[in-house]
Amino acid sequence: MNLAGKVDDNHYPYFSTNETYSHIFLYLPSWQPYWPGTDKLMPNRGSENIMNMVSDAGGTRDIKTTALQSTVSFKLDIPWVKGLWLDGIASYDAGYVFTKDFQTPDYVYYKDEKTGELYKGRSGMGSDKANLSEKYENPTNLYMTAKLNYDHTFGVHHVGAMVGYEQSETKGNYLQAYRGDYVSISIPEIFAGSSDKNKQSNDGSSSQTARQNIFGRLSYDYAGKYLAQFTFRRDGSPNFPENKRYGFFPGFSLGWRISEEPFMKNLLFLDNLKIRGSYGKMGNDQVGAYQYLTTYSYGSNYVIGKNDVTGLVQNGVPNPNITWEVAKTTNIGFDSRLWNGLLGIEFDYFKTRRSNILTKRSAIIPDYTGLKLPDENIGIVDNKGFEMIVSHENYSNPLKYRLSANVSFARNKVVFSDEQPAAEPYQYATGRPIGSGLYYNAIGIFESEEQIESLPHLLNTQPGDIIYEDVNKDGQIDSRDRIRVNQTNTPEIVYSFNANFEYKGFDLSLLFQGQENAKQYFGSYFPVMSYSLGNFMEWRAKDRWAPENTKASMPRGSSSMWNNNTEASTQWLLNAGFLRLKNLEFGYTLPASICEKLWVKNLRVSFSANNLFIIYDHMKELGFDPETTDFWYYPQQRTYNFGVNVTF
């Protein structure tokens, strides 16, 4: 039995990380937190001051968590059958989370234009009066599994079998209350808020879900040369109607260790060579629950007489035939080890077809009709690629080391999604990767009015605007000229390099990670170059078009936030490839003779670091991490750790 508990008491400023970082990014370099020579806060972006946002001046958020985790496990050997045993695990986790958000008015100092004196006033953000929201949550999770196992060897025959049962149940409920217009911030309690019913609210709800699964495995190998395995799962999910609730997902694999065959024994350089293949089905039930039922929500209240009557609104059209999404995967590969580990190669080729994907029949009922059909299991997506690991190791010398490199490539393609007819054939999503977007193809910057007149362009185009390609050659720029770009922010190529060294008690490990064939779209705020928004990036400004810089790589600045240059285009679609040193660890283990004198069994000191530096990336000029997908992102942290591990 294992019991664990935790009590967390976290305190934060009221403003969210997203709000705070947006102000940090958009602050002008000339802005100061305080009026010169004083301790009075200046009104900066939005007449707010960053010091209010990173302190308790604008309010507080307190999150208190109490959690209990319990696990019971057992193993019972069946004495009358050799190699047969029963084991199981049961766990129950319960938590209690209390969140308290207390927003208070915050202030800055404004300068009187006539007298030059500073006076205190409300900032441009937050609330004029304090308000309080409290939320109580109580999540629980019950999990149980039991397995009957068998493992035995009969001469050169090895047999293994397992059958198991698994069940889980998750419940949750919450209760929330709100009060506004506090006359004082001294008593941050619900009872002290406004008595006006329009300044009060409360809410509450509960949820429940469960899973029930049966699974098994049967394996056999002959003399360690010929290997076979069959697996199955019968999964049940409450997200589907009773007659569609359970899905059966089998799989099998075969392997052949050719290096164990007599005709291979003369190849002394070959330590191991194994060829393998597999085929299997997996199900996905991570979809919206209860789509097979007609559901309602409260809303659209009515006044009947003088009474406010709560109305019911149907949420959508149900689909009584909704069922599991299914992925069928075929994999072939080999494992090899040569010259006592001086070279190792592992290779896998895979192909997956995901079918029964939930999507709408948009071709039958286009979006412009306003009618909404239910999701149906009609989508099909193919995914194929390979993964390869190449390694080299040598442990026969005082300097022991192991080097390995891993690369994987995966490309998906939408086979069917019943999409609406496209204006042009090249705009269809079918046949393209999931998430491939439509963009105008940016091919330059207009240098002059004369150039604008000579090329197709959008309405109100000015010198310094982006030149968009007239893809369909009809002499005008419109939505039909948008192209479908295959690369998304999901990389098709992911690779890594590991290095481990040992020498006379010293050890060093390095992990490099990288990705390629990915593009990140930095639209929205990135194209904007207007002081009405705040600051903008040097990357955007330094080679912008201007009368004295007509051979520019970036469009003009503008007092307006949105214009022709903020259209979704390849101008703002950037290469997200990178290579970084992800982890480094260096350690030293004291010799046994010194440990004995120190009355310890073993002693190791170490230093480790994460996210040390990026070797190359295509977003360096932006100052953005290439792995981010958000404009107001919270950057990955560079951490350093020093440790001592002592065993007595």
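The values are calculated or read from the model by the stated rules, or taken from the named source; none is laboratory data. All figures in this text were calculated on a predicted structure; none of them were measured in a lab. Cβ: placed from backbone, ideal geometry, glycine included. Neighbour counts: every protein chain shown. The accessibility values were calculated without ligands, DNA or RNA, using every heavy atom of the protein model including side chains. Shrake-Rupley method; radii C 1.70, N 1.55, O 1.52, S 1.80 Å.
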Review point. Which ones in the range 245-264 are open to solvent by 80 Å² or more (accessible area, probe 1.4 Å) and either within 18 Å of Ser219 (Cβ to Cβ) or in contact with a Gly (Cβ under 8 Å, 6 or more places away or on another chain) (or both)?
Key: Tyr246, Phe252, Leu254, Trp256
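Here is a yes/no grid of residues against (1) at pLDDT 95 or above; (2) in contact with a His (Cβ under 8 Å, 6 or more places away or on another chain); (3) within 24 Å of Ile185 (Cβ to Cβ); (4) exposed (fewer than 15 other Cβ atoms within 10 Å of the Cβ):
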{"position": "Pro29", "(1), (2), (3), (4)": "no, no, no, yes"}
{"position": "Arg45", "(1), (2), (3), (4)": "no, yes, no, no"}
{"position": "Ile50", "(1), (2), (3), (4)": "no, yes, yes, no"}
{"position": "Ala57", "(1), (2), (3), (4)": "no, no, yes, no"}
{"position": "Ser73", "(1), (2), (3), (4)": "yes, no, no, yes"}
{"position": "Ala94", "(1), (2), (3), (4)": "yes, no, no, no"}
**Study point:** Among (1) over 30 Å from the mean Cα position of the chain (by Cα); (2) hydrophobic (A, V, I, L, M, F, W, C); (3) crowded, with 17+ Cβ neighbours inside 10 Å; (4) not in a loop (DSSP other than H, G, I, E, B) - the single one Ala552 does not satisfy
**Key:** (4)
Review point. Considering Gln212, Gln176, Gln208, which residue is more than 28 Å from Thr60 (Cβ to Cβ) and surrounded by 15 or more Cβ atoms within 10 Å (Cβ to Cβ)?
Key: Gln212
Practice item. Determine whether Leu399 is open to solvent by 40 Å² or more (accessible area, probe 1.4 Å) and touching a residue at least 12 places away in the same chain (Cβ under 8 Å). Key: yes
**Study point:** Matching residues, the range 503-550, being at positive phi and not polar (S, T, N, Q)
**Key:** Lys504, Gly505, Gly534
Review point. Tally time: how many residues in the range 555-565 are under 31 Å from the mean Cα position of the chain (by Cα) and open to solvent by 30 Å² or more (accessible area, probe 1.4 Å)?
Key: 2
**Study point:** strands (runs of 3 or more DSSP E) lying entirely in the range 421-522 (those with 3 or more residues that are touching a residue at least 12 places away in the same chain (Cβ under 8 Å), in contact with a Leu (Cβ under 9 Å, 6 or more places away or on another chain) and not aliphatic (A, V, I, L, M))
**Key:** 493-503, 506-516, 519-521
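Open to solvent by 50 Å² or more (accessible area, probe 1.4 Å) and closer than 30 Å to Ser336 by Cα, is that true of Leu267?
Yes.
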Review point. Is it the case that some residue within the range 203-223 is over 30 Å from the mean Cα position of the chain (by Cα) and without any contact (Cβ under 8 Å) to a residue 40 or more places away in the chain?
Key: no
Exercise for review: Residue by residue through the range 396-419, note down the ones that are in a strand (DSSP E or B), out of contact with any Gly (no Cβ under 7 Å at 6 or more places or on another chain) and either charged (D, E, K, R) or within 26 Å of Phe506 (Cα to Cα) (or both).
Suggested key: Lys400, Tyr401, Arg402, Leu403, Ser404, Ala405, Asn406
Review point. Which of the residues spanning the range 119-148 are in a strand (DSSP E or B), in contact with a Gly (Cβ under 8 Å, 6 or more places away or on another chain), open to solvent by 40 Å² or more (accessible area, probe 1.4 Å) and closer than 30 Å to Gly204 by Cα?
Key: Glu137, Met144
Practice item. Considering only the range 571-602, state which residues are open to solvent by less than 40 Å² (accessible area, probe 1.4 Å), modelled with pLDDT under 90 and not in a loop (DSSP other than H, G, I, E, B). Key: Cys595
Check your understanding: Across the range 439-488, which residue is surrounded by the most Cβ atoms within 10 Å (Cβ to Cβ) among those that are over 39 Å from the mean Cα position of the chain (by Cα) and within 19 Å of Ser558 (Cα to Cα)?
Key -> Pro463
Review point. Taking the condition part of a strand (DSSP E or B) and under 19 Å from Thr329 (Cα atoms), does Glu393 pass?
Key: no
Exercise for review: Hey, can you tell me all the residues within the range 558-595 that are free of Cβ contacts under 8 Å to residues at least 60 places away in the same chain, of a type outside the set (Phe, Trp, Tyr) and more than 22 Å from Gly643 (Cβ to Cβ)?
Suggested key: Ser558, Ser559, Ser560, Met561, Thr566, Leu574, Asn575, Ser593
Revision key, fill the gap. By my count, strands (runs of 3 or more DSSP E) wholly in the range 309-387 with at least 2 residues that are in contact (Cβ under 8 Å) with a residue 12 or more places away in the chain and in contact with a Lys or Arg (Cβ under 8 Å, 6 or more places away or on another chain) are 325-338, 343-359
Revision key, fill the gap. The one condition Arg361 fails out of (1) open to solvent by 80 Å² or more (accessible area, probe 1.4 Å); (2) modelled with pLDDT under 95; (3) of a type in the set (Lys, Arg) is (1)
**Study point:** Qualifying positions in the range 177-229 - closer than 30 Å to Pro250 by Cβ and either among the β-branched types (Val, Ile, Thr) or in a helix (DSSP H, G or I) (or both)
**Key:** Thr209, Ile214
Review point. Of the conditions (1) farther than 30 Å from Tyr96 by Cβ; (2) in a helix (DSSP H, G or I), Leu76 fails just one. Which one is it?
Key: (2)
Point to revise | One residue from Asp181, Asp151, Asp196 being within 22 Å of Lys100 (Cβ to Cβ), in contact (Cβ under 8 Å) with a residue 12 or more places away in the chain and open to solvent by 60 Å² or more (accessible area, probe 1.4 Å) | key: Asp196
Exercise for review: Could you please find all residues in the range 246-270 being under 23 Å from Gln229 (Cβ atoms), assigned to a strand (DSSP E or B) and not aromatic (Phe, Trp, Tyr)?
Suggested key: Gly247, Pro250, Gly251, Ser253, Leu254, Gly255, Arg257
Study note, to complete from the structure: Only unsatisfied item for Ile24, checking (1) open to solvent by 40 Å² or more (accessible area, probe 1.4 Å); (2) aliphatic (A, V, I, L, M); (3) in contact with a strand residue (DSSP E or B) (Cβ under 8 Å, 6 or more places away or on another chain), is (3)
Practice item. Specify the residue that is farthest from the chain's Cα centre (by Cα); the eligible residues are those in the range 289-306 that are open to solvent by 80 Å² or more (accessible area, probe 1.4 Å) and free of Cβ contacts under 8 Å to residues at least 24 places away in the same chain. Key: Lys306
**Study point:** Candidate set: the range 631-644, residues that are within 28 Å of Val528 (Cα to Cα) and in contact (Cβ under 8 Å) with a residue 40 or more places away in the chain; chosen: the one surrounded by the most Cβ atoms within 10 Å (Cβ to Cβ)
**Key:** Trp632
